[in-house]
Amino acid sequence: TIAIDHGKPLLWNQHMERLLHGCHTLKILFNDASLLQDEVERLIKSANNAVIKIIITRGSMGRGYAIQGGVYPSRILILTAWPDYPADYYQNGVDLCLCHTPLSKQPALTGIKHLNRLEQVLARAEWDTEYQEGLMCDEQGCVIEGTMSNVFLVKGSGLLTPTIDQCGVNGIMRQQVIEYAKKKDIPCQETRIPITMMQQADAVLLTNSLIGIWSVRKFEKHLYTGSKIIKTLQELLGHAYPKP
C-alpha cells in the first residue's frame, strides 16, 4: 500500500524492495519492479493525492497446494481515494484499544506483507468507532503491532519497538523511523515488549505508510502526554507521510 502525494508514489524503492523480498520468500516468480513502475505511473497519471495498492499473486492454477510450473504471476493494481483522516489524529493523537485476538507465530512469514490478514480482520471486528486502532499481541502477551500499524514506545530519551522475528509486519514507515532515529542519535531498541510496558511508557506512536506517524493519546484508560521525540520524527518524516 503506497501513498501518492502530488502524483508521486512515496518511498517507492523501499516498497519495491519489501515486495520483491516477499515474492522470493513465498516462491512467487516475480522480480520486475520496472514493469510495476511503468504500470503505476500510467495509473496515477491524473491522480494528485491517492493510495495505490499492489497485489502480486502466484497466478491461475488448478486445485491443491503444490506450486505448479508454467504459471506467470498476476498483478493487481488498485487506485483509491486519499483517506480522510481528521486533522485531530495528527495534532492531538488517537485512542488505542487492546485486541483479544492474538497473532500466531510463524517465523517463515515474519516481516512480509502477505495476504493472510484473517487475524487482523478478527481483531478489527472487536471495536467500532470508539477507537482509531487496536493493539495486537502474540500468544505470550508481548506487543507486536496494531491491526494496520507498527508500534513504538517512547521511554526517556529513546524508543522501543517490538522485535519482528516471530510474527508481524516490518512496515516501511517502521523502517523509516528506525533509520531516522539512528541519524538523529535517538536510541531505538528492538526488543520484547510485555503488554504491561504500555502503561510504563512516556508516550506511544503508531506508524504506517498512509498515516505516517500518529501519537497515541489514550491506551484503554491510560492517558499519555505529548512527546518531543514524536514531534521531531513527524517533522523529519514530513516528506514521507500524508498531510491532513
Assess whether Leu36 counts as being in contact with a strand residue (DSSP E or B) (Cβ under 9 Å, 6 or more places away or on another chain), at pLDDT below 95 and within 24 Å of Gly111 (Cα to Cα).
no
Selected residue (criterion: surrounded by the fewest Cβ atoms within 10 Å (Cβ to Cβ)) from residues of the stretch 213-228 that are assigned to a strand (DSSP E or B) and within 22 Å of the chain's Cα centre (by Cα)
Lys218
Candidates Glu119, Glu130 - the one that is assigned by TED's automatic domain parsing to the domain that holds Pro194, of a type in the set (D, E, K, R) and either under 23 Å from Ile172 (Cα atoms) or surrounded by 15 or more Cβ atoms within 10 Å (Cβ to Cβ) (or both):
Glu119
Report whether or not Ile76 is touching a strand residue (DSSP E or B) at 6+ places or on another chain (Cβ under 6 Å), surrounded by 15 or more Cβ atoms within 10 Å (Cβ to Cβ) and in a strand (DSSP E or B).
no
Flagged pairs (Cβ under 7 angstrom, 6 or more apart or on separate chains; first in the stretch 158-184, touching a residue at least 40 places away in the same chain (Cβ under 8 Å); second of a type in the set (Lys, Arg) and in a helix (DSSP H, G or I)) are Ile172/Arg18
Hey, does the stretch 57-67 have a residue that's more than 12 Å from Ile4 (Cβ to Cβ), out of contact with any Lys or Arg (no Cβ under 9 Å at 6 or more places or on another chain), surrounded by 11 or more Cβ atoms within 10 Å (Cβ to Cβ) and in contact (Cβ under 8 Å) with a residue 40 or more places away in the chain?
no
The listed residue being on the phi < 0 side of the Ramachandran plot, among the hydroxyl-bearing types (Ser, Thr, Tyr), out of contact with any Gly (no Cβ under 8 Å at 6 or more places or on another chain) and not in a loop (DSSP other than H, G, I, E, B), out of Ser34, Ser46
Ser34
Hey, could you check the stretch 185-235 for residues that are touching a residue at least 60 places away in the same chain (Cβ under 8 Å) and polar (S, T, N, Q) and say which is farthest from Asn92 (Cα to Cα)?
Ser209
Starting from the stretch 122-139, take each residue that is basic (Lys, Arg) and list its partners that are part of a loop (DSSP other than H, G, I, E, B), counting only C-beta distances under 6 angstrom and pairs at least six apart or across chains.
Arg124/Thr147
Here are the criteria: (1) loosely packed, with under 14 Cβ neighbours inside 10 Å; (2) over 19 Å from the mean Cα position of the chain (by Cα); (3) of a type in the set (A, V, I, L, M, F, W, C). Tell me which single one Ile28 does not satisfy.
(1)
Given the conditions (1) loosely packed, with under 15 Cβ neighbours inside 10 Å; (2) of a type outside the set (Ser, Thr, Tyr); (3) at pLDDT 95 or above, which single one is not true for Pro86?
(3)
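The values are calculated or read from the model by the stated rules, or taken from the named source; none is laboratory data. Only a predicted model underlies this, so the values are computations on that prediction, with no experimental measurement involved. Positions of Cβ are backbone-derived with ideal geometry, glycine not excepted, and every protein chain shown enters the neighbour counts.
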